[in-house]
Amino acid sequence: MNQLELLYEGRSKQIYKTDSDDRVIVRFKDDISAFYNIKRAIIENKGRLTCDISSMILGYLNSKGISTHFVERVGDDGQLCRVVDHVPVEVIVRNVVAGSMAKRLGLDEGIVPENTIFDLCLRRSDLGDPLINDHHAVALGLLSYEELAKMYEMSASINNYLVELFESVGITVVDFKIEFGRAADGSLVLADELSPDTCRLWDKATGERMDKDRFRRDLGRVRETYEEVAERLRNALK
Ligand code: UDP
């Protein structure tokens, strides 16, 4: 599969056309950003590391029968992916209270609720990706109620597989963000990265943060921590 022209460049990724109409190549950049691009840096090797981690996780989910856009790894920092029609919402899955939920509801980080929490957000960075509900999504013509039910069902399965995988390497999956697309037949496909940039991961033994909060909160050792996550997953999946 040949990489052709650049179709899109975002804060952390580039998307390239290929010689197949139903495939793109996604390249992960070394850029890291937070708070809607207010805080930015370049972390050497981060593109390779997030590509590595996301490829391992999406490959694992594919092997469990979850439909994802990931086809195969391309070089150090790229993935061959299915072309999908992106749905402009984000699902945030929460197993432990942290981040914006703790802030919004005045709760302490670290509370473990009885149930899994699913937030739905509109993907509109100019509006701060506002929290919406199912009825908003249907009224805005983004998804049908049937698709929403399927999306939550897939999100719950993804969460179960992630929790199991990370449990085996001594890491708690606190929360994560995912996005979906529609394949040519209209079915929903997980079409996003899953990495320490998009998940909160806490070391079970030490409680240490192993994710982008190290960058957001100036905790240091961002690259080293991402390397540790990659290494643990590589050992678990070999
Ligand atoms: N997240 C993300 N992209 C976003 C918003 C959130 O990857 O645009 C991830 C974030 O890294 C965390 C989870 O989703 O793992 C929940 O994020 P939260 O709503 O707490 O927002 P935050 O305060 O972390 O931006």
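Values quoted throughout were computed directly from the atomic coordinates according to the rules given, and no laboratory measurement underlies them. Fair warning: this is a prediction, and the values are worked out from it, not measured in the lab. Cβ placement follows ideal geometry from the backbone for every residue including glycine, while neighbour counts extend to all protein chains displayed.
The figures follow:
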quantity: ³J(HN,Hα) computed for each position of the stretch 177-193 - Karplus, 6.51 cos²θ - 1.76 cosθ + 1.60, integer Hz, glycine/proline x; calculated: 10, 9, 10, 10, x, 9, 6, 4, 7, x, 6, 7, 10, 5, 10, 7, 8
quantity: From phi via Karplus (6.51, -1.76, 1.60), per-residue ³J(HN,Hα) for the stretch 33-49 in Hz, x at Gly/Pro; calculated: 9, 8, 6, 6, 6, 6, 9, 9, 7, 10, 10, 3, 6, 5, x, 5, 5
quantity: Selection from ILE111, TYR8, VAL222 lying farthest towards where the dipole of the chain points positive, charges on Cβ; calculated: VAL222
quantity: Size of electric dipole in the chain: Cβ of Lys, Arg +1 and of Asp, Glu -1, about Cα centre, debye, nearest 20; calculated: 460 debye
quantity: Residue exposure sequence - THR172, THR68 - by fewest surrounding Cβ within 10 Å; calculated: THR172, THR68
quantity: ARG40 versus ARG216: modelled label distance in nm, points set 7 Å from Cα along the beta carbon direction; calculated: 2.0 nm
quantity: Sequence ranges 127-134, 60-67, ranked by mean other-Cβ count within 10 angstrom, highest first; calculated: 60-67, 127-134
quantity: Backbone HN-Hα couplings from phi across the stretch 95-106 [Karplus 6.51/-1.76/1.60, Hz, Gly and Pro as x]; calculated: 9, 9, 5, 6, x, 5, 5, 4, 5, 5, 9, x
quantity: Protection proxy ranking, peptides 154-160, 4-10, 216-222, 230-236, average beta carbon neighbours within 10 Å, highest first; calculated: 154-160, 230-236, 216-222, 4-10
quantity: Cα gyration tensor shape of the stretch 76-176, rounded if a/c is under 1.5, else prolate or oblate by comparing a/b with b/c; calculated: oblate
quantity: Unit charges on C-beta of K, R, D, E only; dipole of the stretch 1-127, Debye; calculated: 220 debye
quantity: Chymotrypsin sites (Phe, Trp or Tyr not before Pro) restricted to the stretch 159-238 and DSSP loop, no more than 16 other C-beta within 10 Å; calculated: none
quantity: Qualifying GluC sites (Glu not before Pro) in the stretch 98-181, DSSP loop, other Cβ atoms within 10 Å at most 14; calculated: GLU114
quantity: Whether the chain is rounded, prolate or oblate, judged on the alpha carbon gyration tensor where a/c under 1.5 counts as rounded; calculated: rounded
quantity: Cα→Cβ-extended label distance, 7 Å offset, between SER187 and LEU107, nm; calculated: 3.4 nm
quantity: Alpha carbon centroid spacing (whole Å) that separates the stretch 158-215 from the stretch 105-130; calculated: 15 Å
quantity: Inter-centroid distance (Cα atoms) of the stretch 1-17 relative to the stretch 25-41, Å; calculated: 15 Å
quantity: Extension gain (nm, one decimal) between ALA139 and ARG123, 0.36 nm per residue minus Cα-Cα; calculated: 4.2 nm
